[in-house]
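Heads up, the thing below is written out as structure tokens.
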Amino acid sequence: MRISPSLLVVWLLQVTMAQGAASSEAACGQPLISPRIVGGQPASDGLWPWQVAILRDGYFICGGSLIANQWVLSAAHCFTKSIATSKYDMLLGAYQLLNLSSHVVYSKVKVIIPHPDYSGDIASIGDIALVKLTAPVTFTNYILPICLPDSSVEFSLDSDCWVTGWGDVQQGVQLLPPLTLQELKVPLISRATCNALFNVILLEGMDRNPIKADMICTGDPEGGKDSCQGDSGGPLVCQLEGHWTQAGVVSWGMGCAIPNQPGVCSSVAFYANWINT
């Protein structure tokens, strides 16, 4: 999933800000487009208007979510301390990464704030990061913020939850051009059940019960439903009181859609106070 730097430069010379329905005070978690295709299929353009594509040196590396007009939420592991902030760019309102439309907005990055607890190890706590854009963006039908939960919110296991991104469609199988945003409905899994599944086959160096209080597990125990490489940093969103709310940030897993190996997200509710601060 790479965007040629030269093609990106050409597109940046042509792109204009999206027209119509623009506001800096748009309601969060309420896209204007409602139909959707059942999981594992291309999404509808504009259905997930908070989805962000993160580029490094012109190459797509991770997803993110717009949470305010100048702030993006993503995973800490998407960013490397030794790489300058200027190397990262954000695409907002994107649908097909190799067919960027006029309503896509490009932004440079002002500052990246990874959570201080993130160690860089797999299954590390604190795999969450805030990214401040160089300037506020204007909200449109295709660029809207996602709602964030309070720290007290607990998402029930029968919640209507979805993950979105441009990651691999299967283990080792990249999304084909034009790199259309994918959506997948995923069930939530309790922390106790998730730990029991991971304890059967632990990665080298991983402690027992690797799913900590700041993590949410998703997926089908039978396999076949999961986020994958390239979806990191993207949002896990659930319906909550009539609007979409971000429950998690795609973090880590063992392979993709393997039976009894759930995907793991960082819990946004757990880090709500840190985000607000």
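The values are calculated or read from the model by the stated rules, or taken from the named source; none is laboratory data. Because the structure is a prediction, the values reported are computed rather than measured. Every residue, glycine among them, receives a Cβ derived from its backbone with ideal geometry; neighbour counts consider all protein chains shown. Please note that ligands, DNA and RNA were not included when accessible areas were found on the heavy atoms of the full protein model with its side chains. Shrake-Rupley method; radii C 1.70, N 1.55, O 1.52, S 1.80 Å.
Odds and ends about this structure:
- For the range 176-220, the set of residues classified as in a helix (DSSP H, G or I) and open to solvent by less than 50 Å² (accessible area, probe 1.4 Å) consists of Cys194, Asn195, Leu197, Phe198, Asn199, listed by residue number.
- Qualifying positions in the range 130-161 - open to solvent by 10 Å² or more (accessible area, probe 1.4 Å), assigned to a strand (DSSP E or B) and either in contact with a Lys or Arg (Cβ under 9 Å, 6 or more places away or on another chain) or β-branched (Val, Ile, Thr) (or both): Lys132
- Evaluation of Val111 against the conditions (1) surrounded by fewer than 21 Cβ atoms within 10 Å (Cβ to Cβ); (2) in contact (Cβ under 8 Å) with a residue 40 or more places away in the chain; (3) in contact with a Ser or Thr (Cβ under 7 Å, 6 or more places away or on another chain); (4) among the hydrophobic types (A, V, I, L, M, F, W, C) shows that the sole unmet condition is (2).
- Of all residues making up the range 67-88, the number that are open to solvent by less than 10 Å² (accessible area, probe 1.4 Å), part of a strand (DSSP E or B) and either of a type outside the set (A, V, I, L, M) or under 17 Å from Glu183 (Cα atoms) (or both): 2
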